[in-house]
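Everything on this sheet refers to the single structure shown next.
The values are calculated or read from the model by the stated rules, or taken from the named source; none is laboratory data. Model, not experiment: these values are computed from the prediction. Positions of Cβ are backbone-derived with ideal geometry, glycine not excepted, and every protein chain shown enters the neighbour counts.
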Amino acid sequence: MKVKGFTTRQVRAGVKRTPLDFIPTVTPIYPTTTFYYHPADELYRIFRGEREGYSYGRYGTPTHTSLESAVAELEGTETALACASGMAAINLGLMAAGACAERGIVAARDVYGATYTLVTNLLPRLGVPTTTADFSDLEGLRRIVDKMRPSVLIFETISNPLMKVADLPAVVEIAHQAEARVVVDSTFATPYLMRPTEHGADFVVHSTTNS
């Protein structure tokens, strides 16, 4: 048998390449950044979008997939996407919902502090106007939405930290009548208490650091 050099052993020692004949009770965590395929052409097929698989940690790992599948199943949604932080998820949710300079955003006044800073300070610098509103005042909210015709409404099922509870179905109705999408931060409620898409919300966001 050919003796492997020390540098080869340093990289390869203990790495099992053959399929396992057992299933762990707890889903394992994959800390790897890159993935090995044999033959190597399979990796190129993944990069070209010809087959599913993992190529580089930035684009996903089995750990991410497991988390995303769990959240989607708990929320009752078609899919979920894991981000590096709750605020990254908020920003992505707003962009996916269509936040734009032409129509802007209406945000609850009592959203999480960093969310408030994002929508009232950072996004307006990029040309996305934001109006804040008291989402417990449905008639007042309707007047603001009818006047502004925003692209997105964002609020929390249970606000952080004031613990105010919004009438989610009513807010969704107001938004959709104005052809706006709804982003709901449901961190405090969790899917156990509330699943916003069941009441018409378009996007649901969680910060797992607070769950």
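Looking only at region 189-198, decide whether some residue is surrounded by 15 or more Cβ atoms within 10 Å (Cβ to Cβ), assigned to a helix (DSSP H, G or I) and on the phi > 0 side of the Ramachandran plot. Checked against the condition, which is being surrounded by 15 or more Cβ atoms within 10 Å (Cβ to Cβ), assigned to a helix (DSSP H, G or I) and on the phi > 0 side of the Ramachandran plot, region 189-198 yields at least one hit. When region 59-105 is filtered for residues that are among the polar types (S, T, N, Q) and either touching a strand residue (DSSP E or B) at 6+ places or on another chain (Cβ under 6 Å) or more than 21 Å from residue 133 (Cβ to Cβ) (or both), the ones remaining, listed by number, are 61, 63, 65, 66, 69, 77, 79, 85.
Within region 77-125, can you find the residues that are surrounded by 14 or more Cβ atoms within 10 Å (Cβ to Cβ), assigned to a loop (DSSP other than H, G, I, E, B) and out of contact with any Asp or Glu (no Cβ under 8 Å at 6 or more places or on another chain)? 77, 83, 98, 99, 100, 103, 104, listed by residue number.
What about residue 45, is it surrounded by 13 or more Cβ atoms within 10 Å (Cβ to Cβ), part of a helix (DSSP H, G or I) and of a type in the set (Lys, Arg)? First the steps, then the outcome.
On the way: surrounded by 13 or more Cβ atoms within 10 Å (Cβ to Cβ): yes; part of a helix (DSSP H, G or I): yes; of a type in the set (Lys, Arg): yes.
So residue 45 passes the test.
When the test is whether a residue is in a loop (DSSP other than H, G, I, E, B) and not polar (S, T, N, Q), residue 50 passes it. When region 126-164 is filtered for residues that are surrounded by 13 or more Cβ atoms within 10 Å (Cβ to Cβ), out of contact with any Ser or Thr (no Cβ under 6 Å at 6 or more places or on another chain) and assigned to a loop (DSSP other than H, G, I, E, B), the ones remaining, listed by number, are 128, 129, 134, 135, 136, 149, 150, 151, 159, 160, 164.
Residues are listed down the side, and each one gets a yes or a no for (1) assigned by TED's automatic domain parsing to the domain that holds residue 64; (2) on the phi > 0 side of the Ramachandran plot; (3) part of a loop (DSSP other than H, G, I, E, B); (4) not β-branched (Val, Ile, Thr):
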| site | (1), (2), (3), (4) |
| --- | --- |
| 4 | no, no, yes, yes |
| 9 | no, no, no, yes |
| 23 | yes, no, yes, no |
| 29 | yes, no, yes, no |
